[in-house]
Amino acid sequence: MQATILAIITDGTHCLSLHHSHLAAWSQLMSFIDARWSERMGSTAPPADDEAKAQMFFRHNDDDLYGAR
């Protein structure tokens with residue numbers, strides 16, 4: 001059995017979740033980003049590529065991070 005732990009630390013928010021696959025964790029990360037994009041990034045449109053979107057979102061603040069293992 002495989003489990004993936006997703007950790008997100010950003011803007012004072014700490015999220016830790018357990019997922020049955022890396023894909024499920026990635027989906028949760030994208031949902032997290034999508035829900036907070038306009039608040040954090042203003043009118044900047046998100047990149048179409050999910051990896052680029054995650055990098056852009058978390059590059060906003062040096063204290064932010066995400067990781068899945």
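Across every pair of non-identical alpha carbons in the chain, the mean reciprocal distance, once inverted, gives a Kirkwood radius of 12.4 Å.
Modelled spin labels at Ser21 and Asp34, positioned 7 Å past Cα toward Cβ, are 1.7 nm from each other. Helix 50-59 sits at what angle to the longest principal axis of the chain, using alpha carbons and giving 0 to 90 degrees rounded to 10? Computed tilt is about 70 degrees.
Bear in mind that the values in this text are calculations on the coordinates, not laboratory data. Just so we're clear, the structure is a prediction, and the values are computed from it rather than from any experiment. We place every Cβ from the backbone using ideal geometry, glycine too, and count neighbours over all the protein chains shown.
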